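Asks: Pasting a structure below so you can have a look.
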Amino acid sequence: MNDQNKRQNDADPILRVENISKSFGGVKAVVGVNFDLHEGQLLGVIGPNGSGKTTLVNLITGFLKPDQGKIVYKGKDINGWAPYRIARVGIARTFQMIRPFAELPSFKNLIIPLYSPRVKALSGGQYGDLDAVAKDYLEEVGFERESAVTYKAAGSLPHGYLKRLELAKCLALRSDLIILDELFSGLSIAELASIVPIIEKLVSEGKTVIMIEHRLRELFRIADRVVVLNYGSVIADGIPCEVMERSEVRKAYLGSE
Amino acid sequence: MKQKRKERIDRGIKARSDDVFSLNSFREMLYVAVPPLAPVLLLVILPLVLPSYWQKVLISTCVFALLAMSWDFLVGVGMVSLGQALFFGVGSYIAGVSNKILGVPIWIDLPIATVLGGLICTVLLTPVLRLRGVYFSMVTLVLPLMLERIIEAAGIFGGTEGITGIKTFANPFVESYVIVLVTLFALFAFRRLVTTDYGLVLKAIKDNDRAVMSVGINIYWMKAQALFITGCVGSFCGAFLTHVYGFVGMPSFALDYSILPLSAAVVGGMGTFAGSFIGAFILVPLSEALRGIGGLRIVLYSFFLVVFIVALPEGIFHYIQRKYQQFERWVEVDK
């Protein structure tokens, strides 16, 4: 165990998921999932399609209520809270299916997170000129300043920009825990190369990140730890290279050993 | 293969007047100033020149314009109401009851009915704020009809007879100018409101309510605020007409007050408020003008409605706006 892990294990976890389960009708989407997440970690959640990854995100962010179990964020039991309350205490997320506020120009899309009570509280109870701040965030995720895409209706943006816009919306909340649901899917190598440093920067700033991913190669390069889900249960939890060696993980992914 | 395609180009004067600093001729100033000034001038002059019958028509036109604008506003937040009559009726009855039974004078009565009506409607609709789309619409459609039956069955507030002998306005000019000023105020206030940050958040709820929730905004609270704003406008209309006719009764919950604003907004062009305004100023006088021809009136009226909607699905306002801002020409393109 290296020094970093030692330090993290001493402190209280920022997020603790205890034995949560959720089923839809007869389908058990998430079954008794447990994990702790420490501040500053980048956790990857992987698993085959339908293994309950997005359900897990929805449970943590309050879009779904768990049938049983407990979710503790910074010592507060946030189980059963409404999504907006969870967002206010500092958990931000992106959506897998990206639906921007289509009619608004890109930078105006960021007005919505910037108008959030959380941001207002963080900036001392004042909103100020949100347009300028919005453009700063867009620049941070790779929209060229004062370029045409900044002013274009978000509905007409290409996929790569939509993903970045989604990320910018998440950043604008200045949350401590950021959950990215399949952010990398559908991005080109070049686009990935510009987005990965943004996430690395987040982690270096001390933010905690959970990434749901299918693009394992890119994920393994930046993740501190990986949780593998299959049929709603955790089948492996550990550092990336080690996890992929395990036989049950290979079985889930490849169908054989 | 050669094919014709319509090309649209912004007029030079539009491009120049987008930036306020580049106004450098009287013509450019007029280009910017005429569209907002036209409705103001029209509404300020009309009460002075119209005969008394048409002054009443102007009043009900303004009322329908207000209802249409408030409907449009609610649609912009993702709530398609089929029951503007609810807001209208609640306002009417509050004004009627407080004036006749409690003896509250008109000028105190109107603001009270406006705010209280907005509050009551918001509270009535709070349980269904979570409903989306057609489910919300159905509840709003049923609520005014339900209130109407409650009044009939319980015999409260004058029952089927209604309440008569409510104070009317001192003279027709006061009457006209009150509604004209409120209509103009609402038109510009609504147009301004939707461009503010607050308005953008409301609009975003329509586009993607989950995304709005996920940034920490309580969308049900925002929706309740939007309902309150709409409710206030609707209740004001009801309270005002109660004082114009000196009467309030079950017809205040009639379907007309739900459907006509909706068609005015659709014919005029949704999402602009100016469209609702134009729509009401076409449909209501049209309906009055057709009164002379008797039984065929509704047929002709409906026919006009269909023609408008088929020929200009985008709405009259959007059409005019496009013509005002852009050249259109047919160009040949390769296909």
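Asks: Go ahead and collect, in residue order, the members of the range B:316-332 whose backbone nitrogen is under 16 Å from a label point 7 Å along the Cα-Cβ direction of B:ASP18.
Replies: Label zone hits: B:322-327.
Asks: Continuing with this model, one more query. I need the shape label for the protein assembly as shown. Rule: rounded when a/c is under 1.5, else prolate if a/b > b/c, else oblate, with a, b, c from the alpha carbon gyration tensor. Intermediate values should be presented prior to the final figure.
Replies: Values: a/c = 2.50, a/b = 1.75, b/c = 1.43.
Prolate shape, in that a/c is at least 1.5 and a/b is the bigger ratio.
Asks: Let a ≥ b ≥ c be the square roots of the eigenvalues of the Cα gyration tensor of the range B:202-335; is it rounded (a/c under 1.5), or, if not, prolate (a/b larger than b/c) or oblate?
Replies: Verdict is oblate for the range B:202-335.
Asks: Rank by packing, highest mean first: peptides A:61-71, B:67-77, with packing defined as the count of other Cβ atoms within 10 Å averaged across residues.
Replies: B:67-77, A:61-71
Asks: Using only the alpha carbons, work out the radius of gyration and Dmax of chain B in angstrom.
Replies: 21.6, 77
Asks: Shape call for the range A:23-98 from the C-alpha gyration tensor, a ≥ b ≥ c root eigenvalues: rounded (a/c under 1.5), prolate (a/b greater than b/c) or oblate?
Replies: Because its axes are fairly even, with a/c under 1.5, the range A:23-98 counts as rounded.
Asks: Hey, fewest Cβ within 10 Å first, where do A:CYS241, A:CYS170 land in order?
Replies: Listed from fewest to most nearby Cβ atoms, that is A:CYS241, A:CYS170.
Asks: I'm checking a number: the convex hull volume of the Cα atoms of the range A:48-142, normalised per residue, in Å³. What is it?
Replies: It is 141 Å³ per residue.
Asks: Provide A:SER247, B:SER17 in ascending order of the number of other Cβ atoms located within 10 Å of each residue's Cβ, fewest first.
Replies: Details: A:SER247 9, B:SER17 20.
Ascending number of Cβ neighbours within 10 Å: A:SER247, B:SER17.
Asks: So, one more: Report the Cα centroid-to-centroid distance between the range B:210-263 and the range B:89-125 in angstrom, as an integer.
Replies: Spelled out, the Cα-based centre of one part sits 13 Å from the other.
Asks: While we're looking at this one, here's another question. Hey, what's the Cα Rg ratio for the range B:1-119 versus the globular rule of thumb, 2.2 N^0.38 Å? Don't jump to the answer; show the numbers that get you there.
Replies: Working: Rg = 22.1 Å, N = 119, 2.2 N^0.38 = 13.5 Å.
For the range B:1-119, the normalised Cα radius of gyration comes out at 1.64.
Asks: Only Cα pairs within less than 10 Å get springs; with that Gaussian network setup on chain B, which residue of B:ALA274, B:ALA311, B:ALA95 has the largest fluctuation?
Replies: B:ALA311
Asks: Sort A:THR208, B:THR230 by Cβ crowding within 10 Å, fewest neighbours at the top.
Replies: If I rank by nearby Cβ atoms, fewest first, I get A:THR208, B:THR230.
Asks: Would you please calculate the Kirkwood hydrodynamic radius of the range A:78-197 over all C-alpha pairs and express it in Å, rounded to one decimal?
Replies: About 14.7 Å, per the Kirkwood formula over Cα pairs.
Asks: Which of B:THR168, B:PRO105, B:LEU74 sits closest to the plus end of the dipole of the protein assembly as shown, meaning its Cα is farthest towards the positive end, when Lys and Arg get +1 and Asp and Glu get -1 on the C-beta?
Replies: Value computed over the given set: B:THR168.
Asks: If we count every other residue with Cβ under 11 angstrom of B:GLN321's Cβ, Lys/Arg +1 and Asp/Glu -1, where does the sum land?
Replies: +2
Quick note: the coordinates plus some simple rules give every number you see, no bench work behind them. These numbers come from a predicted model, not from an experiment. Heads up, the Cβs are rebuilt from the backbone with ideal geometry, glycines too, and the neighbour counts pull from every protein chain shown.
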